[in-house]
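The values are calculated or read from the model by the stated rules, or taken from the named source; none is laboratory data. These figures come from a predicted structure and were not determined experimentally. Here the Cβ positions follow ideal geometry from the backbone for every residue, glycine too, while neighbour counts run over all protein chains shown. Side chains included, ligands, DNA and RNA excluded: accessible areas come from the protein's heavy atoms. Shrake-Rupley method; radii C 1.70, N 1.55, O 1.52, S 1.80 Å.
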Amino acid sequence: MSRQKPKLAVHKFSSCDGCQLALLNLGEPLLQLPALVDIVHFAEAGPSDPAAKVDISLVEGSISTPEDVQRIQQVRENSEILVTVGACATAGGVQALANFANRNDWMSAVYTEPDQIETLQTSNAIADYVKVDWELQGCPINSRQVIGLLRDLLSGVRPREELQPVCMECKRKGLICTLVSLGEPCMGPVTRAGCGALCPAAGRGCYGCYGPAEQVNDASLLQRFSQLGLDRQALARRFHFIVNQAPAFKAAGERLKGGSHDRNA
Amino acid sequence: MTATRDIHIHVPVLTRVEGEGALELDVVNGEIERLNLRIFEPPRLFEKFVEGYECDQVIDMVARICGICPVAYQMSAVQAFERLFGFEPPDWLVAMRRVMYCGEWLQSHALHIHLLAAPDFLGFDSAIAMARDYPDAVKRGLNLQTLGNDLIGLFGGRSVHPVGVRVGGFYRAPREEDVAPILQRLRDALPATEALVDWTAGLEFPHDEQAFISVALSHPQEYAIGQGNLISGQGLETDISFFDSFFQEHQSPHSTALHATLDGRPYLTGPLARLNLNFHQLPKPVRQVMEGCGIHFPSHNMFHSIVARAIELHFAVFEAIRLLENYEVPQASYTVVTPQEGNAFGCTEAPRGFLWHRYDVDEKGIVRYARIVPPTSQNQGRIEEDIRQSLEKLGLDSPDEAIRLRAEQVIRNYDPCISCATHFLKLKLNRR
Ligand code: SF4
């Protein structure tokens, strides 16, 4: 009985391309990837067949134009399993900060003839338009995450979702607490693990690029921030940052701002 | 009725170019009547949404403009803030930022040469396909890319959106025991980067000399990367804060990347422009490699860009070795700097060309206004001019496929960056 290699596609929407680099930056192991999967579409690496039927699609980027909406529907139809990778695809990305503002005003501030550019009013997560089977968090995701997920999917193992906060990774690594001991504002207690406590290991506070952990207690974090001399707005700015549209972060930021999005306050 | 023949070619995605783009070409009576490179990357409006954030947050935000050159964005931003706040980076910091930047040049140039451009020159549709016939060349490229990424990671924890850069320095200085193995790998890689220059110089290039203006940063003491004045091949020299007096940005129809011109004319920024203007500042051994490679610089053949990139890659490794050789952990990796109100300007040489930033900052250190001019949008006018001349030279009666391939190749010479501005090429060719 002959079995075909599973087919893989990598699709890009509005993004910085940083998540695709989790594959392109693999180094020599990149050359072993074709032994595992048949890469039929990955524009940045060469193969181009955007309309191909595939077993797994990795989707990077957010939806921000009418054309994107049609394209993601087509990707969904053509994919057995659809995986969103990174903050853009899972939550609209940093560019979704535009969702808080009047995008038309912003367009006219940047372009002299904004009418010539067709966009939606918002930048949205892929899951707002189509069913998503798995998500990888991070801005960017790293190679370990994506290879781990592909391995699981290819061997029929159910991927394990990370729900713990970054604090757990600090503990595992034996790092002293950035927030308590170093007195640096750190989003680790409310941010999902997966990065390996990158920022605390680099001597700074986490800035939340892996999105919300299972529990987001903004009230107790605010208390700690105040002890460090930071006000509500400073914490709000940290929730409304890279993963600003993830429901838990969005809500926390809005609570802190008192329901409005007055970033100048 | 006139006998009109319209030919439409659609190539939905220009592979191996980071960005989306479409080329519209109208050929009437054997002459180009209209040539538009449409860049379409959904506008992400970065300049607007950094408003209201702290300077150090903005350094992390603007990295997200481009996954391939986040260090460039961070460095232009941090330079702007520090200039405004009157902070003069100490020697250690200047040197180590330069090393980190060398890491980005190394990974980005290696990625471009091996994964994006070489398959073109050698007739493959991807590096993975090319690896079957040229396994050593592809492996060399991937290993150099990894080395560049690790060099960035040394200072920033990761290579995409690194987390080390802050106003006043680095959050943490690399430890000596982490520097040593990387230094060793750089030394080991040096011969391979030298070989790479010869390898690229041995590719077959079309004869395609064109007149164009090169623009780059220039610094009296070094081959400019992270600081300097803007200069052109035509005698311009200016402090970066006067960018607006010489350069203009305008929107062209159906393109989300703004075009830039110098005194109303297109210009070139990037590796070839830098080499053309600053090659005399390359360290002697690097210059010897350049002079021995068989391609003469300065060059006005854009196809030589890949060689220019290889020379800069070799230089980046050479320079990183020099700067890391006597590495010591400093007393403090950063200085706490008090923000000041005013207009901040920053400009550094991203792998693809100079990257200019302006921020207006209030007294609390909150950004109130931003403007960012990335390399790819600067090169757009030049790319259009180049395609026009190259296609005329190729012959407009050539088959559509040949025209499309040549246009793609020309565009790839500029290594247009995805998210910095452009994406895929659709060729819409109308012949009448
Ligand atoms: S999630 Fe972050 S790294 Fe990934 S594409 Fe979006 S901006 Fe880039």
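Here are the numbers:
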{"item": "Distance between segment B:43-110 and segment A:180-244 - C-alpha centres, whole angstrom", "result": "22"}
{"item": "Efficiency of FRET between B:Q248 and B:V329 - r from beta-carbon atoms, R0 41 angstrom, step 0.05", "result": "0.35"}
{"item": "For residues of A:198-208, the mean tally of beta carbons on other chains within 10 Å", "result": "5"}
{"item": "Cβ-Cβ FRET estimate between A:D133 and A:L36, R0 fixed at 22 Å, reported to 0.05", "result": "0.75"}
{"item": "Förster radius 41 Å - calculated FRET efficiency between B:Q184 and A:R224 (Cβ-Cβ, nearest 0.05)", "result": "0.45"}
{"item": "Peptides A:169-177, B:260-268, A:244-252 ordered by average Cβ neighbours within 10 Å, highest first", "result": "A:244-252, B:260-268, A:169-177"}
{"item": "Surface share of carbon and sulfur [accessible, 1.4 angstrom probe, percent] for segment B:275-344", "result": "47"}
{"item": "For residues of B:49-58, the mean tally of beta carbons on other chains within 10 Å", "result": "5"}
{"item": "26 Å Cα-Cα reach of A:K5 towards lysines, excluding residues that sit fewer than 8 places from it in its own chain", "result": "A:K53, A:K131, B:K139"}
{"item": "Crossing angle, helix B:400-413 versus chain B [Cα axis fit, 0-90 degrees, rounded to tens]", "result": "20"}
{"item": "Extent along principal axes [Cα atoms of chain A; Å; largest to smallest]", "result": "66, 52, 28"}
{"item": "Residue-normalised accessible area of the protein assembly as shown, given per residue in Å² at a 1.4 Å probe", "result": "37"}
{"item": "Under the Karplus curve 6.51 cos²θ - 1.76 cosθ + 1.60, θ = phi - 60°, whole-Hz ³J(HN,Hα) for segment B:303-316, x wherever Gly or Pro sits", "result": "5, 6, 4, 5, 6, 4, 5, 5, 5, 5, 5, 4, 4, 4"}
{"item": "Hz values of 3J(HN,Hα) by residue in segment B:222-238 - Karplus curve (6.51, -1.76, 1.60), Gly and Pro given as x", "result": "7, 5, 5, 10, x, 6, x, 9, 8, 10, 10, x, 9, x, 5, 8, 8"}
{"item": "Amide proton proximity set for B:T335, modelled H, under 5 Å, gap of 5+", "result": "B:G169"}
{"item": "Spatial extent of the protein assembly as shown: Rg and Dmax, with the Cα atoms as the point set, Å", "result": "24.1, 83"}
{"item": "Cubic angstrom per residue, convex hull over Cα atoms of chain B", "result": "133"}
{"item": "Between segment A:121-179 and segment B:288-338, the Cα center-to-center distance that results, in Å", "result": "36"}
{"item": "Local electrostatic count at A:E169 - Lys and Arg +1, Asp and Glu -1, tallied over other residues with Cβ under 11 Å", "result": "+3"}
{"item": "Averaged over B:122-128, number of beta-carbon atoms from partner chains that fall within 10 Å", "result": "4"}
{"item": "Inter-label distance, nm, simple model (7 Å from Cα along the C-beta direction), B:E237/B:E24", "result": "4.3"}
{"item": "Residue-count net charge about B:G294 - beta-carbon cut-off 14 Å; Lys, Arg +1, Asp, Glu -1", "result": "-4"}
{"item": "Estimated 222 nm signal from helices in the protein assembly as shown, with DSSP H stretches of n ≥ 4 weighted -39500 (n - 2.57), rounded to 500", "result": "-12000 deg cm²/dmol"}
{"item": "Cut-off under 5 Å, modelled amide H: who pairs with A:F42 long-range", "result": "A:V10, A:S48, A:D49"}
{"item": "Accessible surface buried upon B-A contact (total; probe 1.4 Å; Å², nearest 100)", "result": "5400"}
{"item": "Of all DSSP beta bridges in the protein assembly as shown, antiparallel share, percent nearest 5", "result": "65"}
{"item": "Qualifying lysines (Cα of each under 27 Å from Cα of B:K48; at least 8 residues distant if same chain)", "result": "A:K12, A:K250, A:K257, B:K364"}
{"item": "Net charge, B:E209 excluded, C-beta distance under 14 Å - Lys, Arg +1, Asp, Glu -1", "result": "-3"}
{"item": "Kirkwood Rh in Å, taken over segment A:166-258 so that all alpha-carbon pairs contribute", "result": "12.9"}
{"item": "For A:S14, residues with placed amide H under 5 Å, excluding near neighbours", "result": "A:S62, A:S64"}
{"item": "Calculated from backbone phi, Karplus (6.51, -1.76, 1.60) coupling profile of segment A:26-35 in Hz, x at Gly/Pro", "result": "5, x, 4, x, 4, 6, 8, 4, x, 6"}
{"item": "Total charge dipole magnitude, segment A:7-154, about the Cα centre, Cβ charges on Lys, Arg, Asp, Glu only, Debye to nearest 20", "result": "320"}
